[in-house]
Amino acid sequence: MLRKIMKGGHRKPSKSDDNIFGFGPPPNSGSGPANNMVVNHSSRAAPGPPSPRYGPTVIAPPPMNTVEPLPFFRDVPVSERPNLFLRKLQLCCFHFDFTDTLKSMREKEIKRQTLLELLDFIQSGSGKITENCQEEMIKMVSVNIFRCLPPHEKTGQEPTDPEEDEPYLEPSWPHLQLVYELLLRYVVMSDTDTKVAKRYVDHSFVLKLLDLFDSEDPREREYLKTILHRIYGKFMVHRPFIRKAINNIFYRFIYETERHSGIGELLEILGSIINGFALPMKEEHKLFLVRALIPLHKPKQISVYHHQLSYCIIQFVEKDYKLADTVIRGLLKYWPVTNCQKEVLFLGELEEVLEATQSAEFQRCMVPLFRQIARCLTSSHFQVAERALFLWNNEHIVGLIAQNRTVVLPIIFEALEKNIQSHWNQAVHGLSVNVRKMFLDMDTELFEVCQRQYAEKESRARDVEEQRELTWKRLADVAAQRGGEDMITV
């Protein structure tokens, strides 16, 4: 209940809220008198400049009975359409209270129908949008989408499961969706001249868009992802700035807050960007991998965005196989100690990285790598042990291991033997037997050497244990002979 009060409303999308994740035009509900209404200009204040995170200056709803009908675009001469376009944009700058569904119903519907008509006008290409109209349209978009986001429900460091937690849904989405759709169509439109548009879709605008990725509404983040990706593709002048701004969001998330709703969506954009990096790769991009992507394995809520993060990491290794050693050592640096589910994710990602790893890079990191894998093999959590043993189902990885078996087998032999002797899970026991047999078939002589060394180590351990027990027995005998003399009792 507290969450609903703080968020200002919480509703599930109705059947009429189609096109939640799609990016086609929203369904037009038809035209009527409400489709051609505008607020009397004397009844509103001029829009103020929006603030990056704390929201724009809100324009109050118009007084009742101050609307006047306006004609359709098709009903006015072509020369009058730019003026009509501006008047409709001005109407759409008004905000309405969506926490009360019965409040200002008529005005909300007028704004919705006006947004639909503006969207249809943009899509139809029936008239060229002048530079002045473009400026006013971006102002209207800014007034609507740049706002103060509601606080996260939890301020602690514990991650939430997105599948279990019901996502927050923005109450004003019926209007907000149409504004995002209008912005998207403007950005992708072939008539949009980037030389003109970059004056309005500038660095400040992009920064505010990136701030909105912290929205808890997944529908909004999906639109933001597509729009920012299109801006990155179309406005080449903004590309370095966008990459740097995303870096800063990651740094803040990793080292300060560990709380952000849009890391997965930002990583999806970066996955596409990384795929387009030219070779040889710039030092700037390699630093991004080391300083931002690899440390993203640290936060507790990695499960929320691990799929997208893993894709970005693999893209780097596939682009430049020499980065495999850097990535593997980075994974080992952030390897979880007590979080078994996170460990399973790391093992899955490690398999994908090893699949793209060449022999030279494998040899550089194989000793610390298989020491960690040996610890995973003997994990009491059967999923961790099982996932580690599944590495031997990959032909490429088995080939790398076979080439370097003289180093790998001595490291993991003890773990395999312990699993066979005492692991409680039958699946882990069976897989360990299969891997042991694989090494035996691979190199019988090496296997026997390792077996002999293991037996000698076990024998020495037994001797040490017997010596320790004997020492304690002698101490006990000496104490008994003295009959408690000179002994201090508490």
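Keeping every protein chain present and rolling a 1.4 Å probe, give me the accessible area per residue for segment 249-362 in Å².
42 Å²
Could you run the Karplus curve 6.51 cos²θ - 1.76 cosθ + 1.60 with θ = phi - 60° over segment 446-456 and give me ³J(HN,Hα) per residue in whole Hz, x for Gly and Pro?
After applying 6.51 cos²θ - 1.76 cosθ + 1.60, I find 5, 4, 5, 4, 5, 5, 5, 5, 5, 4, 5 Hz.
Past the 23 angstrom mark, what percentage of all C-alpha to C-alpha distances in segment 406-490 do you count?
In whole percent, the share of Cα-Cα pairs in segment 406-490 beyond 23 Å is 48.
Roughly how many whole Å is it from the C-alpha centroid of segment 400-443 to that of segment 82-139?
67 Å
Over segment 167-267, what percent of the accessible surface lies on carbon and sulfur atoms, probe 1.4 Å?
Result for segment 167-267: 50 percent of the exposed heavy-atom area is carbon or sulfur.
Check each of the trypsin sites (Lys or Arg not before Pro) in segment 121-152 and keep only those in coil by DSSP with at most 13 other C-beta atoms within 10 angstrom; list them in order.
Lys128
What accessible area, in Å² to the nearest ten, does a 1.4 Å probe give for Cys450?
10 Å²
Protein chains only, probe 1.4 Å: how do Trp335, Trp472 rank by accessible area, largest first?
So, going from the largest accessible area down, we get Trp472, Trp335.
What does the C-alpha gyration tensor say about the overall shape of segment 291-426? Classify as rounded when a/c is under 1.5, otherwise prolate if a/b is larger than b/c, or oblate.
oblate
Return the subset of Lys342/Lys437; Lys298/Lys342; Lys108/Lys128; Lys208/Lys282; Lys198/Lys244; Lys198/Lys234 for which the Cα-Cα distance in this structure is over 20 Å, preserving the input order.
Lys342/Lys437; Lys108/Lys128; Lys208/Lys282
The values are calculated or read from the model by the stated rules, or taken from the named source; none is laboratory data. These numbers come from a predicted model, not from an experiment. Heads up, the Cβs are rebuilt from the backbone with ideal geometry, glycines too, and the neighbour counts pull from every protein chain shown. Only protein heavy atoms, including side chains, enter the accessible area calculation; ligands, DNA and RNA are left aside. Shrake-Rupley method; radii C 1.70, N 1.55, O 1.52, S 1.80 Å.
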